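Encoded as structure tokens, the structure appears first; notes follow it.
The values are calculated or read from the model by the stated rules, or taken from the named source; none is laboratory data. All of these numbers come straight from a predicted model, not from anything done at the bench. Cβ atoms come from the backbone with ideal geometry, glycine included; neighbour counts cover every protein chain shown. Each accessible area value is taken on the protein alone, full model and side chains, heavy atoms only, with ligands, DNA and RNA left out. Shrake-Rupley method; radii C 1.70, N 1.55, O 1.52, S 1.80 Å.
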Amino acid sequence: MSKPEFVYVTYIETTPEKLWEALTSSEFTRRYWWNTSVVSDWKVGSPFALVMDGTITDVGEVLEFDPPRRLSYTFHHALSEAARKERPTRVVFHLEPAGKLVKLTLIHEDFAEGSVMLDGISKGWPAILSSLKSMLETGTALAIPPSCLGIEGVS
Amino acid sequence: MDEVFKALADPSRRSLLDRLHASNGQTLGELCDGLAMTRQAVTKHLGILEAANLVSTIRHGREKLHYLNPVPIHRIGERWIKKFERGKLTALSELKRQLEKRDE
């Protein structure tokens, strides 16, 4: 059993239900995730895709859908040729009430040795989670330029 | 945000974050290895870093693994650095890095 590569945690002043909707509804994700839609019927085993401004950036399969506690999907980057050759990785969102807050833990794991995805992921998730927190707490997401990711094909 | 600045104000805690940046997901034992600090001191520092949410932990089998959690640092960057010009700062950091490399 290899250990996860990334474990990100943020505490958000919201309810697990609202946070769940923010993670699974495109109406919300487009506001804090660089205009990215999350496309799936959310049945376990169904396909999943991230679509940014009409371009599919990542694809996968729904592994767990247990609202409002646990969401997971496989994650395979579709834009960069080098990343396309790598095996799919796995993303798990874990939501736990913590007093008036919700603790959101994001685990991204199962990267290939020397994965080219590691760098983009480690820049992307902290920005996305910061923006998500701002959106839920203040109503306004952060305007982070997607070019900060340094991902081929994303400007 | 106060907790983050307080946690970052200590050089031992910054060095623990540097060690996690170099190799993410370490046990307490691995983090103590080669450090001049006692295990108790490392435990205390990790507790402060975890309370500030700069370190996240998960159970992995029998082990407790520590991860660098950059989300609060990212938020500080967004709050303070975006007020300046990010492009120029990147250029200046790069210039500093290049000049210092030449001295090595």
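Looking at (1) surrounded by 17 or more Cβ atoms within 10 Å (Cβ to Cβ); (2) within 14 Å of chain B (Cβ to nearest Cβ); (3) touching an Asp or Glu at 6+ places or on another chain (Cβ under 7 Å), which is the only condition A:LEU50 fails? Status for A:LEU50: all satisfied but (2). Cβ-Cβ distances below 9 Å connect the following pairs, each with a first residue in the stretch A:1-27 that is within 14 Å of chain B (Cβ to nearest Cβ), a second residue that is part of a helix (DSSP H, G or I) and of a type in the set (Phe, Trp, Tyr), and a separation of six or more residues or different chains: A:PHE6/A:TRP125; A:TYR8/A:TRP125. For the stretch A:56-108, the set of residues classified as of a type in the set (Gly, Ala, Ser), assigned to a strand (DSSP E or B) and touching a residue at least 24 places away in the same chain (Cβ under 8 Å) consists of A:GLY60, A:ALA98, listed by residue number.
One residue stands out among those in the stretch B:28-84 that are within 13 Å of the chain's Cα centre (by Cα), assigned to a loop (DSSP other than H, G, I, E, B) and within 9 Å of chain A (Cβ to nearest Cβ): the one that is surrounded by the most Cβ atoms within 10 Å (Cβ to Cβ), which is B:ASN69.
If the condition is being free of Cβ contacts under 8 Å to residues at least 24 places away in the same chain and in contact with a His (Cβ under 6 Å, 6 or more places away or on another chain), then the stretch B:31-59 contributes only B:THR57.
Among the conditions (1) free of Cβ contacts under 8 Å to residues at least 12 places away in the same chain; (2) open to solvent by less than 60 Å² (accessible area, probe 1.4 Å); (3) more than 28 Å from A:SER134 (Cα to Cα), the only one that B:LEU92 does not satisfy is (2).
None of A:SER25, A:SER80 is at pLDDT 95 or above, open to solvent by less than 70 Å² (accessible area, probe 1.4 Å) and farther than 15 Å from A:ASP110 by Cα except A:SER25.
Screening A:TRP42 against (1) in a loop (DSSP other than H, G, I, E, B); (2) touching a residue at least 40 places away in the same chain (Cβ under 8 Å); (3) open to solvent by less than 40 Å² (accessible area, probe 1.4 Å) leaves a single unmet condition, (2).
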